[in-house]
1. Averaging sequence separations of C-alpha pairs under 8 Å and six or more residues apart, then dividing by the length of the stretch 134-245, give the relative contact order as a whole percent.
2. Could you work out which residue, out of 185, 123, 275, moves most in a Gaussian network model of the chain, that is, has the largest mean-square fluctuation with Cα springs under 10 Å?
3. If you find the alpha carbon centre of the stretch 189-209 and of the stretch 32-107, how far apart are they in angstrom?
4. Starting from the Cα-Cα distance between residue 272 and residue 252, subtract it from 0.36 nm times their residue separation and give me the gain in nm to one decimal.
5. Can you give the relative contact order of the stretch 1-93 as a percent, counting alpha carbon pairs under 8 Å and 6+ residues apart?
6. Which angle between 0 and 90 degrees, to the nearest 10, do you get for helix 183-197 versus the longest principal axis of the chain when only C-alpha atoms count?
7. Among 22, 83, 128, whose mean-square fluctuation peaks in a Gaussian network model of the chain (Cα, cutoff 10 Å)?
8. Each label point is 7 Å from the Cα along the Cα-to-Cβ direction; what then is the distance between the points at residue 296 and residue 117, in nm?
Ligand SMILES: NC(=O)c1ccc[n+]([C@@H]2O[C@H](COP(=O)([O-])OP(=O)(O)OC[C@H]3O[C@@H](n4cnc5c(N)ncnc54)[C@H](OP(=O)(O)O)[C@@H]3O)[C@@H](O)[C@H]2O)c1
C-alpha cells in the first residue's frame with residue numbers, strides 16, 4: 001500500500017515524544033499535508049468535539065499517539081486518570097475515524113499491556129494470558145481496550161485499524177519532570193544536575209542487573225510509517241530495538257554522554273523491579289524492518305536536545321514557542337542518516 005504525499009495525515013498527540021517524531025518522519029519522507037491540533041483547541045476526551053474536528057478536517061490516515069503517559073510514580077498514583085483519559089481519547093479517535101471514513105489508522109499501544117509474568121522477550125500472543133502489573137493497571141487496561149477496539153472495528157466494520165506495541169522509548173521531546181519521567185530522562189537529569197553541582201558520585205537504586213529494551217523514538221516513528229504501509233493485522237505487532245540493556249550499562253552510557261567523570265554506585269537494596277523485560281520483535285524483523293540507532297547515539301542526541309530546551313519545556317509545563325514545522329524541518333536534515341530498510345516500495349512520497 002502507498003500513501004500519497006498530499007493525503008491528509010492526522011498525528012494525534014503531535015507535540016508529544018512519539019507524535020513529534022512521527023511529524024519529523026512524515027516531513028522527512030515528503031509529506032505535505034500533516035494535520036495537527038493543539039490540545040487547547042481540541043480535548044480528545046470529548047467525543048462531540050472530536051467528531052466535529054474530523055468532519056471539518058477529513059483525515060485520510062491517522063496516527064493515534066495522544067494519551068496520558070508517565071513513569072512508575074505517575075502511573076501508580078494517578079490510576080483513575082490514566083484509565084479514564086486514555087480510554088476516552090482512544091475510543092473517541094477510533095470511533096470518529098470509523099464515522100468519517102479514515103482509510104487507515106495506526107494505534108500506539110505499549111509493551112506494558114502484557115502480563116507481569118510473560119515469557120521474555122514477550123511475544124505478541126502473550127496478551128491477556130495473565131494478571132497485569134498492578135502499579136500500572138489503569139494505563140494497561142486502557143491500552144488493551146484501545147488495541148482490542150482496533151481489532152473489533154476491523155472485524156465488525158472492516159476498518160483498517162491496526163496496533164503497534166512499542167517498547168520503552170526515549171529521545172528529543174521526552175518528559176524530564178522528575179515526578180513523572182521514565183528512566184532515561186530521569187537519569188539524564190540526575191547526571192546533568194550532579195555535573196552542575198560539581199558532584200562526582202551518584203547512587204542508584206537496585207543492583208543494575210535488570211535488563212530492559214530501549215528504543216530511540218525516531219526509529220519507532222520510522223517503524224510506524226513502515227507499518228502504515230505494510231501491516232494490515234489482524235491484531236497487534238511488537239516494535240522493539242532487538243537489544244536488551246542492563247540498567248548498569250544504561251547508567252554508564254548516560255554517564256559517558258553527560259558527566260564522564262562521575263562514579264556510579266548501586267544501593268543493591270532489592271529495588272530492581274522485573275529482572276528482565278523486553279519484547280520479541282521477530283515478526284517486524286521478518287517483515288523487513290529493524291531499528292538503526294544505537295543506544296549511545298540515541299542518548300547523545302537526547303542529551304543535546306535536553307541542553308537546548310528550557311526547563312519549562314523539559315518538564316512539560318510549556319510547549320516550545322517556536323515554529324514547530326520549521327524546527328522539524330531543521331531536525332529532519334540533521335542527526336544520523338536514516339534508512340528505512342529494506343522496502344522496495346518506498347519512494348520518499350509515501351508514509
Ligand atoms: N514514551 C514511551 O516510552 C512509550 C512507550 C510505549 C508506548 N508509548 C505510547 O505512545 C503514545 C504516545 O506517548 P508519548 O510518550 O509520546 O506521550 P507524550 O509525550 O506524553 O505525548 C502525549 C501527547 O498526547 C497529547 N494529549 C494528552 N491528552 C490529550 C487530550 N486530552 N487531548 C488532546 N491531546 C492530548 C499531549 O498533548 P500536550 O502536548 O498538549 O500535553 C501530547 O502531545 C501513547 O499512547 C503511549 O502509550 C509510549
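1. Working: 100 pairs, mean separation 43.0, N = 112.
The value is 38 percent.
2. 275
3. 37
4. Details: separation 20, 0.36 × 20 = 7.20 nm, distance 1.67 nm.
Working it through step by step, the gained length comes to 5.5 nm.
5. Values: 114 pairs, mean separation 32.7, N = 93.
Over the stretch 1-93, the number comes to 35 percent.
6. 40
7. Ranking 22, 83, 128 by mean-square fluctuation puts 128 first.
8. 4.0
Taken together, the values in this text are just the output of simple stated rules run on the coordinates, not laboratory data. Only a predicted model underlies this, so the values are computations on that prediction, with no experimental measurement involved. Every residue, glycine among them, receives a Cβ derived from its backbone with ideal geometry; neighbour counts consider all protein chains shown.
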